[in-house]
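This report concerns only the one structure given below.
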Amino acid sequence: MDPLACVPAVDAYLGRVLTESGLPAELVDAMRYALLAGGKRLRPALAWHSCVAVGGSGVAALPAAAAVELVHAFSLVHDDLPAMDDDDLRRGRATLHRHAGEAMAILAGDAMLALAFRVVAERSAGAVTAALSRELAAATGRMIAGQVKDMGLSAGVAPGLDGLRAIHADKTGALIRAACVMGALSAAQIAQGGGPRQASIEQFGAAAGLLYQVVDDLLDATATSEQAGKRTRKDADAGKVTYPGLLGIEGSRHEVERLRSVALGAVDNLGGDADGLRALCELMARRER
């Protein structure tokens with residue numbers, strides 16, 4: 001199966017969210033540039049297939065999927081700014097602050113973060129709105145805290161592999177895990193109780209989030225900028241601790257396989273309904289950009 005077959009529906013929904021936002025046209029144009037510039041849409045797809053995996057409809061997860069992708073896009077726009085990673089290239093084209101100016105990029109990021117919570121408040125089923133908001137807020141906070149630690153702006157970081165895993169469980173993993181949990185919450189069955197199926201989704205999301213980061217570190221160390229669609233080798237240039245730096249290339253590849261096995265094992269009990277999640281896990285482990 002193609003786990004990304006849901007992407008056109010997600011993109012159409014995101015387009016409607018922007019069009020109906022009522023925000024100034026210039027701001028919407030900047031948000032559209034950042035949000036609808038291609039991208040893998042893995043987080044919305046994870047929300048969609050997590051909903052399906054627990055017996056819901058992928059369409060029911062669209063508000064959650066859109067909210068998570070808005071937060072993700074906000075984080076990329078701000079990460080690219082001169083005060084952060086100072087990147088000129090994202091998804092094979094100019095970053096938003098190079099395209100529209102630094103002030104507009106900051107404001108577009110702010111607006112996407114605010115719009116994410118508005119989508120949950122206005123477009124999700126009333127029974128799950130509060131739970132979705134809590135999950136999104138917690139994950140966003142963890143993502144930002146992880147970025148603080150990753151940039152060396154916090155002294156509270158354990159050394160070595162444990163510290164690196166803790167940073168990336170927040171910086172990258174929290175939003176990926178939230179996409180899965182919010183997708184599952186969007187299904188009526190989970191909204192009415194949760195239980196083992198929700199625990200399976202949470203375990204899958206946590207492992208998949210770390211897997212994604214290990215692969216990202218490998219791509220930064222081994223791919224060209226043209227292959228990745230963004231500047232590579234930047235982590236080593238910045239002196240950041242990475243999985244290849246600690247484990248080596250082959251050791252990092254073994255870590256990908258370990259996390260892949262953990263993620264797939266977590267959804268063993270969900271039967272064929274979780275085939276979309278399994279396919280996404282394989283895609284995340286084998287991606288080349």
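Distance between the modelled labels on D88 and A155, one decimal in nanometres: 3.8 nm (7 Å Cα→Cβ projection). Label positions at A5 and E288, each projected 7 Å from the Cα along the C-beta direction, are separated by 2.4 nm.
From helices alone, the chain scores -22500 deg cm²/dmol at 222 nm; the rule is -39500 (n - 2.57) for each run of n ≥ 4 DSSP H residues, then divide by the residue total.
So for C180, C51, fewest C-beta neighbours within 10 Å to most, what's the order?
Numbers: C180 34, C51 31.
So the ranking, lowest neighbour count to highest, is C51, C180.
Couplings for region 123-135, taken from phi via the Karplus curve 6.51 cos²θ - 1.76 cosθ + 1.60 with θ = phi - 60°, read 10, 8, 5, x, 5, 10, 4, 5, 5, 5, 4, 4, 5 Hz in order; Gly and Pro are left as x. Taking 0.36 nm per residue of sequence separation and removing the Cα-Cα distance, the V59/E20 pair yields an extension gain of 12.2 nm.
Add +1 for every Lys or Arg and -1 for every Asp or Glu among the other residues with Cβ under 14 Å from the Cβ of A174, and state the total. The answer is +3.
Charge tally for G248 (other residues, Cβ to Cβ under 14 Å; Lys, Arg +1; Asp, Glu -1): -2.
Please report T129, T172 as a ranked list, fewest other C-beta atoms within 10 angstrom at the top and most at the bottom. Please list the in-between numbers first.
On the way: T129 16, T172 23.
Least crowded to most crowded, the residues run T129, T172.
Label-to-label distance for D268 and A145 is 3.2 nm, based on points extended 7 Å past Cα in the beta-carbon direction. Around the Cα centre of the chain, unit charges on the Cβ atoms of Lys, Arg, Asp and Glu (plus for the first two, minus for the last two) sum to a dipole of about 280 debye. A cut-off of 5 Å between modelled amide H atoms, ignoring neighbours fewer than 5 places along the same chain, links L89 with T95, R231. Protection proxy ranking of 71-78, 256-263, by the mean of other Cβ atoms within 10 Å over each peptide's residues and highest first, is 71-78, 256-263.
Shape call for the chain from the C-alpha gyration tensor, a ≥ b ≥ c root eigenvalues: rounded (a/c under 1.5), prolate (a/b greater than b/c) or oblate? Here the chain falls in the oblate category.
Laboratory data are not the source of any read-out in this text; all were calculated from the coordinates shown. Bear in mind the structure is a predicted one, so any value in this text is a computation, not a measurement. Note: ideal-geometry Cβ built from the backbone for every residue, glycine included; neighbour counts use all protein chains shown.
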